[in-house]
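Only one structure is covered here, and it is reproduced in the block below.
What follows is calculated from the coordinates using simple rules that are stated; it is not laboratory data. As the structure is a prediction and not an experimental result, all values here were calculated from the model. Ideal geometry is used to build each Cβ from the backbone, glycine not excepted, and the neighbour counts take in all protein chains shown.
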Amino acid sequence: MFQLKDLSVAYRSPTGPLPVVGALALGAMQGRVVGIAGESGSGKTTAVLAAIGFLPAGAVRTGGAAILEGTSLFEIGPAARRRLWATRISYVAQDAASSLNPAYRLGAQIRELLQVNRGMSRAEAHAEALALFAAVRLPEPQRIAQRYPHECSGGQLQRAAIALALACEPRLIVFDEPTTGLDVTTQAELVEMLGRLIRERDIAALYISHDLALLGQVSDQLLIMYAGEVVEQGPTNEILSAPRHPYTRALLDALPSARRLTRPVGLAGVPPGRVITGSCAFAPRCPHAVPACLERNPELLSIGSVVNRVRCLRAYELGPLVRRAGDALADRVGHVAEATQPLVSIADLRCSYGQGAARVEAVSGVSLDIAAGETVALVGESGSGKSTIGRALVGLVAIEGGEISLDGAPLDASGKRTRAQRQAIQIIFQNPDSSLNPRHTVRQLVGRSLELFRPELSGAERRAELDQILGDVRLDPMLSGRYPSQLSGGQKQRVAIARAFVARPRLVICDEIVSGQDVSVQATILELVRTMQQQYGTALLFISHDLAVVRSIAQRVYVVRSGRNVESGPPEQLFEEPRAAYTRALLAAVMEPAGAIEAAHAS
Amino acid sequence: MSLARRVVGGGLAGNIGLVLVLVGGAVAVAGPLVAPHSPYALKGVPLESPTPEFLLGTDQLGRDVLSRVLSGGGSVLLLAALAVLVTFAIAVPLGLLAGYRGGGMFDGATSRLADVIMSLPPLVLVLILVIVLGTSSTSIVLLTGLVTAPRVYRVLRGATQALAEQDFVLAARARGERTGAILIRELLPNITGPLLTEAGTRLNYSIIFIATLNFLGLGVQPPSSDWGLMVSEGRVYLGQAPLIAIAPACAIGVLTIGINLLSDRLGVHLSRTGTA
């Protein structure tokens, strides 16, 4: 139904065209989902957009053909292509809010689409719009149709965007990470709904994502992309249970699991942002590389069956790859020695934020304890108050009820803290793009922490300490003069980690520090935080919505919902035998890649 | 260093602006040194057309127009620059604080005060105040500075507000940084873009404003060869010796257009690369 052959895309650059997609081929069938997996910089979004005829500014298609039900997309003129986009191809973007016009009500937007592209009358279009809202399981379609985008939640907006995409009865839909940033349970519902709609309406779908677990759930066929080329493709469950390409294996190894204890293994290095010719693009990071891998770029060849393809010289000889044992990551300590009193104790905490009418009680009576050196996880969905608890600990949010104690002594409710208290509790924020001052160099960012919290050091000692901590977080000291805009996402997060640990705190709060990162970067950051923690004996409060990540790192887990405790306990107990219904619901919503080999080689 | 290189290398408009500013600035600053005659000497026949001795002719009292133009820019430029300094001295601390504290009493009070000042026609305001305070250079500088401050305050407050909710500001608060330190170390470096653009625009505005005040006779007095004053005096003689009024007017135009183009260029450039 949709065939893509030999697609290559390059970006114009001062030094000549820069190839970012190389000879991509895929086929999508009605009622089936083709998953396209890859990390940031793999070229997957560029490739898929180019496949449907859309090129961002500066990009040039250097070859290939795309055929949708007999029509060749690249050979028709722009007007004809636009008509095709309007009627037979749909695109659901990552951020729903950007595909909806904020100035119009939701119902009006779909109605306009239907009236223009399917020639319906206003009444017909209205009825059809409501039907579409019902199909995407939006509650009370009449009321939603009257709302503006800013009056709806993220999940509702994403469903509305999907309804918009379905409105013109397309033959092909492209989904570009449409569930990023949504709660686990919302994500699970959306994915299940998408799968159902695709099959019911016999639409062909291309689903782009970096999340292999999600793709395992939603796609029938899988393409793994690296450096602009497909490195492995085939039926999804076969690839996920018996990967043949080392990169696929590395991605799976980096995935934490909520179902059992894993040690996610990070992948060192950075993917090249372009197509590499003349050698295997993955060779520099590949544990199975041999000298021959650097001499030529392997072809994508069938292995096993005609639909399974791998781009690896050693694929046949290596066979299906098994999970690597986690190295460099020390075992979790079984139990923390019971101290007489916990390092930090939170008792019946209440906090709110906002002014006047918009005042919201975010935390309504949460209690938790953190012992010295312990790793405690705080799990909840958005709106659970987990971030607010972290901020109350460092004094950014006022304590309105209950008490927080450090070493038995209560902390001031209005947020005032002594220097020693501030040193003892440090926080790392989620988004390193906004948590580092863009006008400060790495040296200034980490150095400020040193100046404030370790004033006893002399200038020379401080410089030595700075180089030491940068080495600990595996940042080249040469980067210390750089600004955040000159660093990658992973590097920026390392700077934030360095900044927190250099103060020699007793507790570090990690507020969703791996959310929104690629899975290999995520694993590397987790490894790093664990190493730092063990090196300095710091306690960790790990705030996250991701149960899989939490399981791989925590010694004790607290689950919160709407500002209240739900359940707590060690992960084995909580995840295997959850007592609360909410915990069970959260666990059920987690998506994991299925696979026989996974289970057989569980550590 | 690299800022200068980027400024020089930036587009036709920016380059024209740079040239104009350099020429106008050179005339204003160094003009008196190269003037062929004294601006006050009654050397020639009044209202003469240009001759080799008096390149732009003479004015109504027989003074060399060229020399007067060359000597007349200094005061305007100096006073305008001082006025801009006054503006920023007022607007930067208030704007930063109001933007950071957003929504509180301080913000409310200061913003309303700014609104009041902005709602009064600036010329009328200064006229009234000058009549009360007298026409010294100091009062001109202070009043011009005060009158232009609210707009800069607004811009800086807006720019700061956009930043105040960012995580790096939260991180600074969690570290226990005091408000002053947050304003200066964290926020100020991130608003240099709008700050410099406003500086250029306000300088322009102040030059024209002060020239206007002088034109109206509220600033420097004759026999000063200030450009605004020259235009005022030369108006009457436009039919006989137009250069008396036109030459200083062109000088004002060259300088202000140049500043305008240059600060546009700087603003575009800084907003692209300055902040993250």
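If the Kirkwood radius is taken over C-alpha pairs of chain B, then at 10 °C and 1.306 mPa s the Stokes-Einstein diffusion coefficient equals 77 µm²/s. Evaluated at q = 0.10, 0.11, 0.21 Å⁻¹, the base-10 log of the normalised Debye intensity for the stretch A:423-565, with identical point scatterers placed on the Cα atoms, takes the values -0.33, -0.40, -1.37.
Take every Cα pair under 8 Å whose residues are at least 6 apart in sequence, average their separation, divide by the length of the stretch A:344-569, and the relative contact order is 31 percent.
Dipole size of the stretch B:57-173 about its Cα centre, with +1 on Lys/Arg Cβ and -1 on Asp/Glu Cβ: approximately 100 debye, rounded to the nearest 20.
Magnitude of the charge dipole for chain B, about its Cα centre and with charges confined to Cβ atoms of Lys, Arg (+1) and Asp, Glu (-1), is about 680 debye.
Listed by chain and number, the lysines whose alpha-carbon sits under 25 Å from that of A:Lys5, ignoring those within fewer than 8 places in the same chain, are A:Lys44.
Grab the beta carbon distance between A:Ala585 and B:Ile257, set R0 = 60 Å, and tell me the FRET efficiency rounded to 0.05.
Working: r = 67 Å, r/R0 = 1.12.
My answer for the efficiency is 0.35.
Restricting the trypsin sites (Lys or Arg not before Pro) of the stretch A:1-75 to loop positions (DSSP other than H, G, I, E, B) with no more than 16 neighbouring Cβ atoms within 10 Å leaves A:Arg12. Between A:Ser405 and A:Glu576, full extension at 0.36 nm per residue minus the direct alpha carbon distance yields a gain of 58.4 nm.
The local environment of A:Glu39, defined by Cβ-Cβ distances under 15 Å, has a net charge of -3 under the rule Lys, Arg +1 and Asp, Glu -1. Amide H contacts for A:Thr62 (H built 1.01 Å from N in the peptide plane; partners 5 or more residues away or on another chain; cut-off under 5 Å): A:Ser8, A:Val9, A:Ala10. Its alpha carbons considered, the protein assembly as shown gives a radius of gyration followed by a Dmax of 33.8, 109 Å.
Of the GluC sites (Glu not before Pro) found in the stretch A:435-490, those in coil by DSSP whose Cβ has at most 16 other Cβ atoms within 10 Å are A:Glu456. In this simple spin-label approximation, A:Arg463 and A:Arg105 carry label points 7 Å from Cα along the Cα→Cβ vector, and these lie 6.8 nm apart.
Report the GluC sites (Glu not before Pro) located in the stretch A:275-328 that are in a DSSP loop and have at most 16 other Cβ atoms inside 10 Å of their Cβ, or state none.
Values: sites: A:Glu295, A:Glu299, A:Glu317; in loops: A:Glu295, A:Glu299.
Of the GluC sites (Glu not before Pro), the ones in loops of the stretch A:275-328 whose Cβ has at most 16 other Cβ atoms within 10 Å are A:Glu295, A:Glu299.
A full extension of the chain between A:Arg564 and A:Met478 corresponds to an added length of 26.4 nm, given 0.36 nm per residue minus the alpha carbon distance.
Across every pair of different alpha-carbon atoms, what Kirkwood hydrodynamic radius in Å does the stretch A:112-159 reach?
On the way: mean 1/r = 0.0886 Å⁻¹.
About 11.3 Å, per the Kirkwood formula over Cα pairs.
Largest mean-square fluctuation among B:Met230, B:Met118, B:Met105, in a Gaussian network model of chain B whose springs join Cα atoms under 10 Å apart, belongs to B:Met105. Stokes-Einstein, applied to the Kirkwood radius of the stretch B:163-276 over Cα pairs at a viscosity of 0.890 mPa s and 25 °C, places its translational diffusion at 142 µm² s⁻¹. In percent, rounded to a whole number, the relative contact order of chain A is 16, using alpha-carbon pairs under 8 Å and six or more apart.
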